[in-house]
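Participant: Sharing a structure, written as structure tokens. Questions coming.
The values are calculated or read from the model by the stated rules, or taken from the named source; none is laboratory data. Everything numeric here is computed off the predicted structure, so don't read it as measured data. No Cβ is skipped: glycine too gets one built from the backbone with ideal geometry, and neighbour counts run over all protein chains shown.
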Amino acid sequence: MSVRQKINPDFLYYYDQGKCLNAYEVFGAHLVKDEKGKNIACEFALYAPNAKRVQLVGEWNGFAENQQELYCVDEKGVWYAYLEGDYEWQRYKYLIDTHDGQRIYKADPYAFYSQIRPCQDSKVYDIDGYKWNDDVWMYTHPKTYDKPLLIYEMHMGSWKRKPDGEFNMFNEVAPMLIDYLKDFGYTHVEVMPVYEYPLDMSWGYQGTGYYAITPRYGVPKDFMWFVDQLHQNGIGVIMDWVPGHICKDAHGLYMLDGTFLYEYQKEEDRENKEWGTVNLDLGKGITRSFLYSNALFYMNYYHIDGFRVDAVGNLIYWLGNVNRGVNEGSCQFLRDLSSHIFAKDDRVLLMAEDSTSFPNVTKPSGIGGLGFNYKWDMGWMNDTLKYFKLDPVYRKYHHYQLTFSMAYYYNEQFCLPLSHDEIVHMKGSLLNKMPGDEWQKFANYRLLIGYLIGHPGKKLLFMGNELASYDEWHYEKELPWNILQYPNHDASFRYVKEVTTMYKKEKAFWEKEFNPEGFEWIQADNCDQSLYVFVRYANDWKDHIIVVMNCTPNTYDNYRIGVKDCDYYEEIMNSDRDIYGGSNRVNPYPLKVEDYWQDNQPKSILMTIPPLGIVFLKSGFNKAEVKEVKEEKPVKKTTTRKTTTKKTKK
């Protein structure tokens with residue numbers, strides 16, 4: 001069926017009512033082929049109800065005016081043209097004369113491709129015809145609720161660059177990235193926005209071409225190949241998606257036909273002064289149809305596995321201001337979005353970047369929730385980083401910043417992010433946030449990463465966090481891979497790789513992730529020593545891991561902690577091992593479980609707790625020989641690491 005045939009009353013009704021899910025099949029530029037597959041014509045369609053006249057100015061006519069016009073085919077303002085010939089790869093724009101006397105040049109809001117910045121032209125592109133080879137992934141990959149979910153967030157243009165500083169293309173990044181992700185055990189990669197945006201400094205969050213893959217990294221089918229290759233290697237692809245606001249560049253969606261067509265009419269609702277952008281009116285039917293169709297377009301044409309929705313707090317409340325109340329139009333948009341996406345594939349990850357306390361964000365829309373299946377736990381991230389910035393001598397006064405997250409954890413389904421937002425704009429890298437001398441900084445860094453893995457919740461790390469860099473991330477240059485030649489960075493890199501691999505391997509970290517029976521505190525109130533001890537359970541309670549965190553530079557030898565009724569515990573990970581740059585205060589032998597009541601537990605063990613370290617102890621039940629530990633009265637504090645610049649007083 002031709003585009004012209006699709007422009008019928010039913011389609012226009014659904015588009016106007018916000019119920020259209022395939023608007024990209026009508027609007028935009030669509031090649032017409034003969035029976036042999038040869039391009040013979042191109043159909044153009046644009047929705048511009050305030051237009052008095054619409055012209056096509058393109059590469060084929062020297063961008064001259066008065067050469068080719070679209071004609072209005074419906075009173076609602078749909079404009080259409082049929083041009084014979086082969087227009088693939090040709091650049092074009094719309095020249096719109098409005099009823100109120102404006103004359104504006106616009107890129108095609110439904111274009112599948114565009115000219116690279118600073119040019120602003122759309123390009124005719126054949127979006128069809130890619131041969132996918134990811135059937136195994138598409139038909140067999142499971143839901144992630146009781147499976148490991150470890151996400152690598154990346155900015156395509158600054159992960160790795162060519163020797164001359166130019167961008168690597170999608171088809172160049174994929175082979176390097178796949179092996180890298182598999183080495184760490186990552187299950188998914190999340191790409192920061194890859195649809196067209198004019199300003200590199202915006203990192204893609206201020207888009208102009210929602211349907212156009214940015215030409216910075218290749219053509220659309222290159223991105224299809226990128227996704228295809230990751231799928232063939234068992235790695236899902238999530239994309240950042242920004243439905244809330246757009247940039248004001250004149251060629252973009254902003255004031256498309258000279259009116260606030262997709263935006264709010266009222267200035268106080270429309271103008272997002274903090275970011276210099278304008279907010280889309282998600283209560284409008286045409287805006288909803290544009291965005292619903294966009295999400296399904298990426299699922300259909302690019303096999304995208306999930307969407308991280310940016311700035312959800314600004315959608316829930318008017319301009320993110322709780323005092324202005326809930327924006328019901330936006331909330332209903334989110335509910336319907338989830339319904340449309342999960343009707344297509346209920347395994348898709350729909351993730352909310354939301355720092356508010358608005359309830360039921362991850363509850364199904366059918367029972368009053370917003371319909372997301374995951375929410376970034378911004379509270380956990382902020383509390384955790386504030387705590388780790390403190391000198392250990394003061395941490396005992398802020399002990400509950402690390403325990404508070406479990407007070408609300410089961411209200412939603414959370415993903416724990418250490419994202420790009422926390423290592424830019426003079427906030428400091430993860431390593432540079434840490435207090436103390438060089439040894440303490442790296443020890444705190446390892447402790448932080450271990451805490452991320454041990455705490456309930458899905459995991460997200462921004463690219464480069466694994467390098468333990470002193471420098472913040474910068475979009476204009478690649479990650480500082482060269483620092484891996486230095487022992488501290490190389491050791492930290494090895495630690496992150498092994499602790500993330502452990503997470504993916506051990507069922508206790510994810511089988512009962514959102515079940516209150518999957519977590520138990522053993523020591524939650526030991527403020528004076530800044531110790532935290534908790535248990536993570538798999539479905540079989542016998543398969544569990546005890547996590548012991550020490551947030552001071554003190555070492556605790558022969559320290560007794562309460563444990564479960566098993567035979568022994570084996571240390572499977574210790575951030576203080578010398579191969580990670582630590583002092584090697586480890587537990588090298590299985591720890592015998594003794595009939596000694598401790599921490600409200602019927603059994604206990606004696607262990608070494610390293611300075612500024614985290615230890616993971618796995619349960620054992622096979623009656624294997626264990627090293628006898630001489631019974632001694634537990635010592636609460638025995639040594640302080642000598643390299644520290646300050647000694648912590650009890």
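Participant: So, in region 1-25, how many residues would count as being in a helix (DSSP H, G or I) and exposed (fewer than 13 other Cβ atoms within 10 Å of the Cβ)?
Facilitator: Selection size over region 1-25: 4.
Participant: Another question about this same structure. Would you mind stating whether Val227 is in a strand (DSSP E or B) and either in contact with a Leu (Cβ under 8 Å, 6 or more places away or on another chain) or outside the structural domain of Ala51 (by TED's automatic domain parsing) (or both)?
Facilitator: no
Participant: Applying the selection to region 336-368, what residues are of a type in the set (D, E, K, R), farther than 21 Å from His141 by Cα and assigned to a helix (DSSP H, G or I)?
Facilitator: Asp336
Participant: Here are some residues: Ile579, Ile546. Which one is within 20 Å of Val499 (Cα to Cα) and in contact with a Leu (Cβ under 8 Å, 6 or more places away or on another chain)?
Facilitator: Matching residue, one of Ile579, Ile546: Ile546.
Participant: Can you say whether Lys52 is in contact with a His (Cβ under 8 Å, 6 or more places away or on another chain) and either of a type outside the set (Phe, Trp, Tyr) or assigned to a strand (DSSP E or B) (or both), as far as the supplied structure shows?
Facilitator: yes
Participant: Return the total of residues in region 191-216 being within 19 Å of Lys123 (Cα to Cα) and part of a helix (DSSP H, G or I).
Facilitator: 2
Participant: I'd like to check something: does region 521-536 contain any residue that is of a type outside the set (Ser, Thr, Tyr), crowded, with 18+ Cβ neighbours inside 10 Å, in contact with a His (Cβ under 6 Å, 6 or more places away or on another chain) and free of Cβ contacts under 8 Å to residues at least 60 places away in the same chain?
Facilitator: Checked against the condition, which is being of a type outside the set (Ser, Thr, Tyr), crowded, with 18+ Cβ neighbours inside 10 Å, in contact with a His (Cβ under 6 Å, 6 or more places away or on another chain) and free of Cβ contacts under 8 Å to residues at least 60 places away in the same chain, region 521-536 yields at least one hit.
Participant: Something else about it: Say whether the condition of being surrounded by 21 or more Cβ atoms within 10 Å (Cβ to Cβ), out of contact with any Lys or Arg (no Cβ under 6 Å at 6 or more places or on another chain), without any contact (Cβ under 8 Å) to a residue 60 or more places away in the chain and assigned to a strand (DSSP E or B) is met by at least one residue in region 305-315.
Facilitator: The answer is no; no qualifying residue exists.
Participant: Does Tyr409 count as surrounded by 19 or more Cβ atoms within 10 Å (Cβ to Cβ), under 22 Å from the mean Cα position of the chain (by Cα), assigned to a helix (DSSP H, G or I) and modelled with pLDDT of 95 or more?
Facilitator: yes
Participant: Of these, Ile545, Ile579, which one is more than 17 Å from Gly518 (Cβ to Cβ), aliphatic (A, V, I, L, M) and touching a helix residue (DSSP H, G or I) at 6+ places or on another chain (Cβ under 7 Å)?
Facilitator: Result: Ile579 is the single residue among Ile545, Ile579 that is more than 17 Å from Gly518 (Cβ to Cβ), aliphatic (A, V, I, L, M) and touching a helix residue (DSSP H, G or I) at 6+ places or on another chain (Cβ under 7 Å).
Participant: Follow-up question, since we're still on this one. Whether any residue in region 112-120 is touching a residue at least 40 places away in the same chain (Cβ under 8 Å) and within 30 Å of Lys459 (Cα to Cα) is what I want to check.
Facilitator: No: zero hits.
Participant: In addition: Here is a check on your reading of the model: is His544 in the same structural domain as Lys564 (by TED's automatic domain parsing) and out of contact with any Pro (no Cβ under 8 Å at 6 or more places or on another chain)?
Facilitator: It is true that His544 is in the same structural domain as Lys564 (by TED's automatic domain parsing) and out of contact with any Pro (no Cβ under 8 Å at 6 or more places or on another chain).
Participant: Next question, about the same structure. Can you list the strands (runs of 3 or more DSSP E) lying wholly within region 530-590 that have 1 or more residues being more than 33 Å from the chain's Cα centre (by Cα) and charged (D, E, K, R)?
Facilitator: 554-563, 568-574
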